[in-house]
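For reference, the structure is listed below as structure tokens.
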Amino acid sequence: MKRKLRSPRQTSVFRYALSSVICVASIAASALAQEESSLALNAKALDLKQQGKYAESVVIARRSLELSKKVFGPYHDNTIESLKTLAEIYRSQGKFQRQEGLLKRILAIKTLSMGDKVTEKDYAEIAGALRSLAKFYRDRRRYVKAEKVMRRAINFEEKIRGEDYPGRSDDLADMIGLLEAQGRVQETTALYEKLLPALERSGPAKDENVARALGKLAQAYLSQKRYADAEGLLKRSIDITERILGPDDRSLSVYLNNLAVVYSRQRKYTD
């Protein structure tokens with residue numbers, strides 16, 4: 001059977017379609033190569049930082065950032081990763097003002113990149129950026145700013161995932177630490193009352209933290225003359241501490257001493 005020849009028009013259409021497919025494949029291959037190049041540069045920058053070669057790592061991190069912005073745009077995850085790497089290098093160099101600027105930039109990008117339909121992932125990423133900024137302020141002992149940013153992170157999480165969101169106990173513990181660092185111990189009582197249930201829901205892995213939170217809340221109740229409440233919490237704290245850390249743990253003496261104070265205040269004397 002003779003093979004039917006294409007008409008000149010059919011041949012032209014076929015060649016155009018083939019060239020389009022080749023062009024698309026070439027663009028995709030180029031984009032993939034550039035993405036791999038950006039990731040490789042970012043990895044190299046981190047490796048140089050680990051070696052203490054900060055000046056070289058900054059140069060490489062900036063190249064990675066510029067490439068990511070050029071190929072994928074300012075809101076892409078690769079661009080964010082390059083910014084994080086550069087911020088971490090500045091932290092290692094002690095260039096905290098530059099680090100702060102980049103952390104704020106990451107937060108702004110995450111906020112601006114949200115579409116009309118905000119997803120749980122969007123909120124989680126913004127909360128993560130807020131936590132990083134709060135940690136920066138805490139490490140610099142700028143506790144008032146750290147508290148403000150941390151509250152925003154918690155509000156973001158609770159708004160989309162509810163009060164039982166994963167990691168809530170860690171966020172509350174961080175907030176308590178910030179208040180205590182400012183000498184605002186009385187304000188921590190309500191947070192400890194929220195923290196305890198969150199820790200208890202986490203299971204046995206958090207038992208040590210539960211014991212510590214019980215002891216701290218009992219101490220707050222003791223200062224408020226809520227002796228009966230403090231007594232119950234201290235007994236639970238002592239029981240957990242002895243069970244998981246043993247009778248020689250140093251925190252146990254603090255809990256026992258506080259329990260003795262509670263008994264004294266309630267005139268519960270023993271022989």
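The values are calculated or read from the model by the stated rules, or taken from the named source; none is laboratory data. Being a predicted model, the structure only gives us computed values, none of them experimental. Quick reminder, even Gly has a Cβ in these numbers, built from the backbone with ideal geometry, and neighbours come from all protein chains shown.
Before moving on, here are some points about what is shown:
- Restricting LEU196, LEU252 to residues that are in contact with an Asp or Glu (Cβ under 7 Å, 6 or more places away or on another chain) and either in a helix (DSSP H, G or I) or more than 25 Å from GLU147 (Cα to Cα) (or both) narrows the list to LEU252.
- Scope region 94-115; condition surrounded by 15 or more Cβ atoms within 10 Å (Cβ to Cβ) and among the polar types (S, T, N, Q); matching residues: GLN99, SER113
- GLU125 crowded, with 20+ Cβ neighbours inside 10 Å, within 23 Å of GLY162 (Cα to Cα), under 16 Å from the mean Cα position of the chain (by Cα) and among the acidic types (Asp, Glu): yes
- Condition met for THR79 (buried (at least 17 other Cβ atoms within 10 Å of the Cβ) and more than 14 Å from the chain's Cα centre (by Cα)): yes
- Scan of region 217-259 for residues that are charged (D, E, K, R) and touching a helix residue (DSSP H, G or I) at 6+ places or on another chain (Cβ under 6 Å), ordered by number: ASP229, GLU231, ARG236, ASP249
- Qualifying residue in region 236-255 (condition: of a type in the set (Phe, Trp, Tyr), in contact (Cβ under 8 Å) with a residue 40 or more places away in the chain and over 30 Å from GLY162 (Cβ atoms)): yes
- For PRO197, the test of being of a type outside the set (Gly, Ala, Ser), surrounded by fewer than 21 Cβ atoms within 10 Å (Cβ to Cβ) and within 13 Å of the chain's Cα centre (by Cα) is failed.
- SER202 surrounded by 15 or more Cβ atoms within 10 Å (Cβ to Cβ), at pLDDT below 90, more than 14 Å from the chain's Cα centre (by Cα) and over 30 Å from ASP229 (Cβ atoms): no
- Candidates GLY177, GLY183, filtered to the one that is farther than 23 Å from LYS206 by Cβ, modelled with pLDDT under 95 and either among the small types (Gly, Ala, Ser) or part of a helix (DSSP H, G or I) (or both): GLY183
- When THR241, THR189 are screened for being modelled with pLDDT of 90 or more, under 27 Å from ALA134 (Cβ atoms) and assigned to a helix (DSSP H, G or I), only THR189 passes.
- Residues of region 236-253 satisfying the condition of being surrounded by fewer than 15 Cβ atoms within 10 Å (Cβ to Cβ) and not hydrophobic (A, V, I, L, M, F, W, C): ASP239, ARG243, GLY246, PRO247, ASP248, ARG250, SER253
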